[in-house]
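The values are calculated or read from the model by the stated rules, or taken from the named source; none is laboratory data. Please read all numbers here as calculations on a predicted model, not as lab measurements. Positions of Cβ are backbone-derived with ideal geometry, glycine not excepted, and every protein chain shown enters the neighbour counts.
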Amino acid sequence: MKINPKKKFIGSLSQKDLLRLYSKHVSGPKTRFFKSLGWGVIPGERDGIKFKSLEGLKPGEPPIELFDCRSAGGVFNLGRRNPRIVQLLKDALDGGLDLGDHQLLSEQRALLGKKIADLMPGDISKTTYGVGGGEAIDTAIKFSRVYTKRKGCISAIGGYHGHTGFALLTGDPSFKDPFLWNFPEFRQVPFGNIDAIRKAITEDVACVVLETIPATGGVLIAPEGYFPEVREICDDKGVMMINDEIQSGLGRTGHFWAIYGGIYPNEKVIPDFIVCGKGMTAGIYPLSTCSYKPFIERAVFGKDPYIHVSTTGGSDLACAVALEMLEIQSDPIFLNHVTEMGKLFGKELNEIVEEHSDIIKEARGRGLMWGLEFYNEEDSLLSMFSIIKEGVMLNYCGNKKDTLIIMPPLIVKKEEIEEIILRIQQGISNLKKIKKG
Ligand SMILES: Cc1ncc(COP(=O)(O)O)c(C=O)c1O
């Protein structure tokens, strides 16, 4: 193994050595999976809405440049290494910040808490910090159980809320059964079916947890009236409503929160909890947030303020970075840009569907969060590879593989959308030519 002394961070290892080390010390199965696909897109240099692979699609070939239409599920809403965010982190380090002490109070946590409260709908005004999205979902479920003194939780089939304790319990059996982690009070229902929710809410249910736009489940758009009815049922039965906005929030739909106008502009639903992660710090420093109404705080922390703690959740550095991200992404001009780009992207994707209606069923989405559903999984997966070869990084929905999820960074410009669409178009046409033989 050779380490390039001139390149400390990117390009220090050849792709071959990297794969060998990865297989030996990080994950053999993951390395084999990527090798079996015949390519290893390992991110190298990254900047704005693009990144370069470390080497080519085959060993020894030069790096390829890809438009990042994955955005790591909304981590890179502001593109890679957004200059304002990078500068803020440097300034925060130079200005004296570190992680901070989680047992003590913190200026940065207080400032970010206020900013989040200002952006939240209704009286959601308290925030408990974490590091990852799963941790923040765990927090919301924990707090719901304390408040309601019930154990049950209803979630959507195909939904995804993380791989930690309670979050894992809300997910599909394939992820939790191998770990012998299953409790009958955690139940799943089809997304978008209000009767199923109504039936599932029995006396033992503490909370309903739903992604506002299920991403892993296929970029599903709930029928009009679904979320307002979920709200009504929860109110009626004393059940907490938790919205996971980890992918759909922070302006992704052109509205700051998908649940508050982002699905249907006239539907402004106020849940009891809004959970955020991924893009909270624009991909520079980990942070997740679980925000909720004041009555929940009294029930959880009333007797013991240290009943729930996280050493690295809500670090001073992360909070400072998140404040800068919120400043940028909550600006009405920024949100208007997302709305306009979303309209263009949706229109162009629908044209692709029309042209390839023999293999693509529909395009659905809001703002800059789109799913392209194929009639079968094979065409979806082969199209994905073909589109990646054309220089657009995207992926299939983990729990609905006939659908590709497309989430460009929110800073994408009109000319870039046009270029991305051309490449998607080309990728699908290439696949069809190969299939025809
Ligand atoms: C909607 C949603 N919720 C929760 C999570 C879990 O977040 P994390 O991986 O940071 O724990 C994810 C991760 O992909 C997600 O997409």
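When Arg366 is tested against (1) within 16 Å of the ligand (Cβ to nearest atom); (2) surrounded by fewer than 16 Cβ atoms within 10 Å (Cβ to Cβ); (3) not small (Gly, Ala, Ser), just one condition goes unmet, and that condition is (2).
In contact with a Leu (Cβ under 9 Å, 6 or more places away or on another chain) and farther than 30 Å from Phe51 by Cβ: is that true of Gly165 in this structure?
Numbers: in contact with a Leu (Cβ under 9 Å, 6 or more places away or on another chain): no; farther than 30 Å from Phe51 by Cβ: yes.
So Gly165 does not fit the description; no.
Which residues, taken from region 249-271, are in a strand (DSSP E or B) and in contact with a helix residue (DSSP H, G or I) (Cβ under 6 Å, 6 or more places away or on another chain)?
We begin by selecting, within region 249-271, every residue in a strand (DSSP E or B); these are 260, 268.
Of everything in region 249-271, nothing turns out to be in a strand (DSSP E or B) and in contact with a helix residue (DSSP H, G or I) (Cβ under 6 Å, 6 or more places away or on another chain).
Checking the structure you have, find out if any residue of region 140-156 is closer than 21 Å to Gly251 by Cα, touching a helix residue (DSSP H, G or I) at 6+ places or on another chain (Cβ under 6 Å) and either surrounded by fewer than 19 Cβ atoms within 10 Å (Cβ to Cβ) or of a type outside the set (Ser, Thr, Tyr) (or both). No, there is no match, as no residue in region 140-156 is closer than 21 Å to Gly251 by Cα, touching a helix residue (DSSP H, G or I) at 6+ places or on another chain (Cβ under 6 Å) and either surrounded by fewer than 19 Cβ atoms within 10 Å (Cβ to Cβ) or of a type outside the set (Ser, Thr, Tyr) (or both). When restricted to residues that are buried (at least 24 other Cβ atoms within 10 Å of the Cβ) and acidic (Asp, Glu), region 234-270 contains 2.
Those strands (runs of 3 or more DSSP E) of region 1-109 in which 3 or more residues are touching a residue at least 24 places away in the same chain (Cβ under 8 Å) and either surrounded by 19 or more Cβ atoms within 10 Å (Cβ to Cβ) or among the acidic types (Asp, Glu) (or both) occupy 65-68.
What residue, of Gly48, Gly74, Gly79, is within 16 Å of the ligand (Cβ to nearest atom), under 20 Å from the mean Cα position of the chain (by Cα) and at positive phi? Working first, answer last.
Working: Gly48 fails: within 16 Å of the ligand (Cβ to nearest atom); Gly79 fails: within 16 Å of the ligand (Cβ to nearest atom).
Every option except Gly74 fails the conditions.
Counting the residues of region 261-299 that are of a type in the set (S, T, N, Q) and either modelled with pLDDT under 95 or touching a strand residue (DSSP E or B) at 6+ places or on another chain (Cβ under 8 Å) (or both) gives 3. Residues in region 119-133 that are within 11 Å of the ligand (Cβ to nearest atom) and buried (at least 24 other Cβ atoms within 10 Å of the Cβ) were compared, and the one that is farthest from the chain's Cα centre (by Cα) is Gly130. Taking Ser155, is it modelled with pLDDT of 95 or more, in a strand (DSSP E or B) and of a type in the set (S, T, N, Q)? So Ser155 fits the description; yes.
Can we say Ile233 is away from the ligand (no atom under 15 Å from the Cβ), closer than 29 Å to Thr253 by Cα and touching an Asp or Glu at 6+ places or on another chain (Cβ under 6 Å)?
Values: away from the ligand (no atom under 15 Å from the Cβ): yes; closer than 29 Å to Thr253 by Cα: yes; touching an Asp or Glu at 6+ places or on another chain (Cβ under 6 Å): no.
Criteria not met by Ile233.
Hey, does region 260-271 have a residue that's free of Cβ contacts under 8 Å to residues at least 24 places away in the same chain, in contact with a His (Cβ under 8 Å, 6 or more places away or on another chain) and either within 16 Å of the ligand (Cβ to nearest atom) or within 27 Å of Ile328 (Cα to Cα) (or both)? Steps first, answer last, please.
The initial filter retains those residues of region 260-271 that are free of Cβ contacts under 8 Å to residues at least 24 places away in the same chain, namely 261, 265-266.
Filter again for in contact with a His (Cβ under 8 Å, 6 or more places away or on another chain), leaving 261, 265.
From what's left, either within 16 Å of the ligand (Cβ to nearest atom) or within 27 Å of Ile328 (Cα to Cα) (or both): 261, 265.
Within region 260-271, one or more residues are free of Cβ contacts under 8 Å to residues at least 24 places away in the same chain, in contact with a His (Cβ under 8 Å, 6 or more places away or on another chain) and either within 16 Å of the ligand (Cβ to nearest atom) or within 27 Å of Ile328 (Cα to Cα) (or both).
Quick check on Ala299: is it more than 19 Å from the chain's Cα centre (by Cα), surrounded by 18 or more Cβ atoms within 10 Å (Cβ to Cβ) and in a helix (DSSP H, G or I)? In short, no.
Quick check: is even one residue across region 344-352 touching a Pro at 6+ places or on another chain (Cβ under 9 Å), touching a residue at least 12 places away in the same chain (Cβ under 8 Å), surrounded by 22 or more Cβ atoms within 10 Å (Cβ to Cβ) and under 22 Å from Phe51 (Cα atoms)? Write out each step before concluding.
Just the residues of region 344-352 that are touching a Pro at 6+ places or on another chain (Cβ under 9 Å), to begin with: 345.
If we keep only those that are touching a residue at least 12 places away in the same chain (Cβ under 8 Å) too, we end up with 345.
So of that shortlist, the ones also surrounded by 22 or more Cβ atoms within 10 Å (Cβ to Cβ) come out as 345.
With the extra rule that they be under 22 Å from Phe51 (Cα atoms), the set shrinks to 345.
The answer is yes; a qualifying residue exists.
Does Phe143 count as within 24 Å of Thr281 (Cβ to Cβ), part of a helix (DSSP H, G or I) and away from the ligand (no atom under 16 Å from the Cβ)? Yes, satisfied. Here the helices (runs of 4 or more DSSP H) wholly within region 171-248 that include at least 2 residues being in contact (Cβ under 8 Å) with a residue 12 or more places away in the chain, more than 22 Å from the chain's Cα centre (by Cα) and outside the structural domain of Gly365 (by TED's automatic domain parsing) are 194-200, 226-237.
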